[in-house]
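*Asks:* Next up is a structure, given as structure tokens.
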Amino acid sequence: MRVEKKLQEMGLELPNAAAPAGVYVLARRVGNLLYLAGQTAHINGEVLVSGVVGKDLTVEEGQEGARLSALNILSVLKSELGDLDKVRQFVQMIAYVRCTDEFGSYTGVADGASMLLRELYGEKGLAARMTIGTNELPGGSVTEIMTVVEVED
Amino acid sequence: MRVEKKLQEMGLELPNAAAPAGVYVLARRVGNLLYLAGQTAHINGEVLVSGVVGKDLTVEEGQEGARLSALNILSVLKSELGDLDKVRQFVQMIAYVRCTDEFGSYTGVADGASMLLRELYGEKGLAARMTIGTNELPGGSVTEIMTVVEVED
Amino acid sequence: MRVEKKLQEMGLELPNAAAPAGVYVLARRVGNLLYLAGQTAHINGEVLVSGVVGKDLTVEEGQEGARLSALNILSVLKSELGDLDKVRQFVQMIAYVRCTDEFGSYTGVADGASMLLRELYGEKGLAARMTIGTNELPGGSVTEIMTVVEVED
């Protein structure tokens with residue numbers, strides 16, 4: 001339980017894995033790959049960081065949202081795997097950030113998620129990532145992040 | 001042919017698998033995974049449900065678009081697999097919905113696709129899903145949906 | 001080195017694989033699948049084709065951006081695989097294009113990437129593709145493209 005220990009040392013707590021916000025499942029496994037549903041900046045389904053980077057929110061506030069998306073990802077991993085140490089590596093991350101039409105420097109927002117995962121898993125916490133600006137996300141969330149993770153047998 | 005029988009009982013017909021709308025293929029297989037191209041709300045390439053949820057369209061009208069995207073996904077699966085019963089489970093779904101900048105409740109739109117797949121396949125019709133609001137989609141379609149599906153040998 | 005030879009014959013040069021523009025890795029491999037990070041229309045991290053199709057840019061100019069995204073994808077493949085001939089097939093492509101809210105005909109933009117890959121690899125250069133319009137991309141780039149590629153052992 002090394003990863004959970006680290007989380008505790010960082011003063012962070014996993015949110016409860018919230019029920020899906022629609023007709024879907026939170027995770028699907030095929031072999032050693034775990035495909036996770038998109039996670040917004042919510043606690044128990046209630047969006048905590050909402051708004052548009054470059055208008056309502058600074059990059060730092062957006063990063064807080066991304067970090068919360070990552071905590072929800074960890075929460076689903078915990079409930080799927082039982083132990084967060086069973087993650088072999090993060091493979092793919094698609095990160096959406098609500099931003100204004102011309103705010104080209106929003107990419108740092110997604111780093112809020114990746115920095116947390118790197119602190120917990122080192123280099124294997126980093127995925128091949130794509131960050132996209134968009135006009136709207138579920139519940140008005142500033143971020144939504146989808147991941148594919150390779151896990152132990 | 002149980003799934004196709006169900007479709008018939010529901011009074012639904014598979015559209016013809018339309019030619020790709022550009023320089024790409026409709027599906028790629030790697031082992032037991034089938035990666036499908038994005039499908040808009042079209043019949044034979046002509047977009048039937050176009051517009052923006054929260055401006056031109058209600059959530060219910062958007063769901064009709066999502067359902068049509070799902071029928072096109074089934075159409076490609078039929079032409080790739082010969083038999084829709086060869087689907088083992090839906091793994092990943094990325095659903096885009098055109099909506100206004102502040103219409104945070106558009107996520108129900110994608111349920112239009114997922115509910116059809118659940119009716120046909122039960123729980124295994126549900127994927128790890130991400131729903132994203134966006135300003136524009138090909139041909140002005142209200143929805144575009146990309147899926148990864150696990151299939152039988 | 002057949003593919004690189006073709007590139008030379010076409011008068012094209014691979015850009016240097018630029019460092020990631022944030023906290024992520026450019027590629028992750030799981031078995032024979034290589035997951036690549038999103039690539040904008042940049043050279044060495046500097047976006048060369050920026051703007052919005054339908055407002056600042058024509059479809060043809062957008063295609064130039066997509067082509068540059070593809071060259072960066074090839075660049076990462078070269079640095080991961082050593083030899084571009086080790087690509088077995090392109091599996092999945094998610095292509096984002098900045099465009100105005102009503103420019104439904106932007107899909108041709110992504111063809112700029114796919115046509116280059118088809119010239120180099122033939123049919124196996126084509127992926128199951130999804131093209132999405134969006135309001136903003138990193139650094140203001142007109143395109144950002146993420147791919148999954150199947151590679152030789």
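The values are calculated or read from the model by the stated rules, or taken from the named source; none is laboratory data. A quick note: this is a predicted structure, and the numbers were derived from the prediction, not measured. Heads up, the Cβs are rebuilt from the backbone with ideal geometry, glycines too, and the neighbour counts pull from every protein chain shown. We work out accessible area using only protein heavy atoms, side chains counted, and drop any ligands, DNA or RNA first. Shrake-Rupley method; radii C 1.70, N 1.55, O 1.52, S 1.80 Å.
*Asks:* Name the residue that is most open to solvent (accessible area, probe 1.4 Å), counting only residues in region B:119-150 that are modelled with pLDDT under 95 and at positive phi.
*Replies:* Among those residues, the one meeting the criterion is B:G139.
*Asks:* Please find, within region C:130-145, the residue that is nearest to the other protein chains (Cβ to nearest Cβ) out of those that are within 20 Å of A:V53 (Cα to Cα) and aliphatic (A, V, I, L, M).
*Replies:* C:L137
*Asks:* Which condition breaks for B:S114 when tested against (1) more than 9 Å from every other protein chain (Cβ to nearest Cβ); (2) part of a helix (DSSP H, G or I); (3) crowded, with 23+ Cβ neighbours inside 10 Å?
*Replies:* (1)
*Asks:* Mind listing whichever residues of region C:80-101 are part of a strand (DSSP E or B) and at the interface with another protein chain (Cβ under 10 Å from one of its Cβ atoms)?
*Replies:* Of everything in region C:80-101, those that are part of a strand (DSSP E or B) and at the interface with another protein chain (Cβ under 10 Å from one of its Cβ atoms) turn out to be C:R88, C:Q89, C:F90, C:V91, C:Q92, C:M93, C:I94, C:A95, C:Y96, C:V97, C:R98, C:C99.
*Asks:* Also, quick follow-up: Among the residues of region C:3-22, is there at least one that is touching a strand residue (DSSP E or B) at 6+ places or on another chain (Cβ under 6 Å), farther than 23 Å from C:C99 by Cβ, of a type in the set (G, A, S) and within 10 Å of chain A (Cβ to nearest Cβ)?
*Replies:* no
*Asks:* Separate question: Quick one: C:T58 ticks every box in (1) out of contact with any helix residue (DSSP H, G or I) (no Cβ under 9 Å at 6 or more places or on another chain); (2) open to solvent by 20 Å² or more (accessible area, probe 1.4 Å); (3) within 11 Å of chain B (Cβ to nearest Cβ) bar one, so which box is it?
*Replies:* Single failed check for C:T58: (3).
*Asks:* Could you tell me whether region B:98-108 includes any residue that is within 16 Å of C:A95 (Cα to Cα) and surrounded by fewer than 23 Cβ atoms within 10 Å (Cβ to Cβ)?
*Replies:* no
*Asks:* Return the residues of region C:9-51 that are in a loop (DSSP other than H, G, I, E, B), at pLDDT 95 or above and out of contact with any helix residue (DSSP H, G or I) (no Cβ under 9 Å at 6 or more places or on another chain); say none if nothing qualifies.
*Replies:* C:G11, C:G31, C:N32, listed by residue number.
*Asks:* Sticking with this one: Quick check: anything in region A:86-98 of a type in the set (V, I, T), in contact with a strand residue (DSSP E or B) (Cβ under 8 Å, 6 or more places away or on another chain) and over 29 Å from A:D153 (Cβ atoms)?
*Replies:* Within region A:86-98, one or more residues are of a type in the set (V, I, T), in contact with a strand residue (DSSP E or B) (Cβ under 8 Å, 6 or more places away or on another chain) and over 29 Å from A:D153 (Cβ atoms).
*Asks:* Which of the residues spanning region B:80-124 are more than 13 Å from the chain's Cα centre (by Cα), of a type in the set (G, A, S) and more than 18 Å from B:R2 (Cβ to Cβ)?
*Replies:* B:G104, B:S105, B:G108
*Asks:* Give B:L48, B:L26, B:L36, B:L77 a once-over and let me know the one that is in contact with a Leu (Cβ under 8 Å, 6 or more places away or on another chain), surrounded by fewer than 19 Cβ atoms within 10 Å (Cβ to Cβ) and within 14 Å of chain C (Cβ to nearest Cβ).
*Replies:* B:L48
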